[in-house]
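Just below is one structure, and these are the notes that go with it.
The values are calculated or read from the model by the stated rules, or taken from the named source; none is laboratory data. From a predicted model like this one, the values you see are computed outputs, not experimental measurements. Using ideal geometry, Cβ is built from the backbone for each residue, glycine included, and neighbour counts are taken over all protein chains shown. When the accessible area is computed, the model is the full protein with side chains, heavy atoms only, and any ligands, DNA or RNA have been set aside. Shrake-Rupley method; radii C 1.70, N 1.55, O 1.52, S 1.80 Å.
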Amino acid sequence: MTDESLQERHRRRMQRQKELVDARIARADQDCGVLVVNTGNGKGKSSSAFGMVARAMGHGMKVAVVQFIKGSFATGEEAFFRRFPELEYHVMGEGFTWETQDAEADRRAAMAAWEKAAAFLADPAFGMVVMDELNIALKLRLVPLDVVLDALQNRPIHQHAVVTGRAAPAELIEIADTVTEMRPLKHAFDAGIMAQKGVEL
């Protein structure tokens, strides 16, 4: 087959692909806030959420971040995003539950974080609300699932909500618009490499 015929075959394939993609784009005519859930055992759930925070802020949106479990160590994303007055950033956790070893303190911290998140979810001034590690708080029953589902479903119509953490409950997955499960193939920690600034911290 000549180079010219290969090029023509490629052009026809790409033209067909373009028609399929254009048709899907044309069918997506709803303009509204979406509920995004990042879950699974792999790395990248919070990292993806903070990428969306940067995107939203780039579009001039007011954004709120509430972190449910993290709190006992400083992170690069906190140090960076706290520079921006249009971002509400709240680290509400007491640290990982195996570190705190105090179920009641964990419950109080999680409920305080939820009350903060619920207030943002009810405020139409916020274009995006990120609830980092909320799935863990739900799994441990530190926050009532029915209350969370109700607030997420009744938030302002154009507000985006992002929930991260392992073990997202089936009920949350059911109402979400976009769900991504991070699956680990390999992780440096398993080879004895400590958490690194700019990667995990």
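Remarks
- Matching residues, region 132-143, being open to solvent by less than 30 Å² (accessible area, probe 1.4 Å) and more than 22 Å from Glu88 (Cβ to Cβ): none
- Residues that are farther than 25 Å from Val53 by Cα and modelled with pLDDT of 90 or more were ranked within region 171-192; the one that is least open to solvent (accessible area, probe 1.4 Å) is Gly192.
- Filter pass, Asp146 being farther than 26 Å from Ala105 by Cβ, charged (D, E, K, R), surrounded by fewer than 16 Cβ atoms within 10 Å (Cβ to Cβ) and modelled with pLDDT of 95 or more: no
- Qualifying position, being among the basic types (Lys, Arg) and under 27 Å from Met57 (Cβ atoms), among Arg155, Arg107: Arg155
- Taken over region 24-50, the residue count meeting the criterion of being open to solvent by less than 40 Å² (accessible area, probe 1.4 Å) and either part of a helix (DSSP H, G or I) or at negative phi (or both) is 11.
- Applying the criterion of being part of a loop (DSSP other than H, G, I, E, B) and surrounded by 18 or more Cβ atoms within 10 Å (Cβ to Cβ) to the residues of region 63-74, the residue that is modelled with the highest pLDDT is Phe68.
- Considering region 163-198, and only residues there that are assigned to a loop (DSSP other than H, G, I, E, B) and under 19 Å from Val130 (Cα atoms), the residue that is nearest to the chain's Cα centre (by Cα) turns out to be Gly165.
- Candidates are the residues of region 102-118 that are open to solvent by less than 30 Å² (accessible area, probe 1.4 Å) and more than 19 Å from the chain's Cα centre (by Cα); the one that is modelled with the highest pLDDT is Ala109.
- Any hit, region 159-167, residues being more than 17 Å from Val53 (Cα to Cα), in contact (Cβ under 8 Å) with a residue 40 or more places away in the chain and open to solvent by less than 60 Å² (accessible area, probe 1.4 Å): yes
- Conditions (1) surrounded by 10 or more Cβ atoms within 10 Å (Cβ to Cβ); (2) at pLDDT 85 or above; number of the one not met by Pro85: (1)
- Single residue of region 1-23 satisfying the filter (part of a helix (DSSP H, G or I) and hydrophobic (A, V, I, L, M, F, W, C)) that is least open to solvent (accessible area, probe 1.4 Å): Ala23
- Hits in region 114-137 (condition: closer than 20 Å to His59 by Cα and part of a helix (DSSP H, G or I)): Phe120, Leu121
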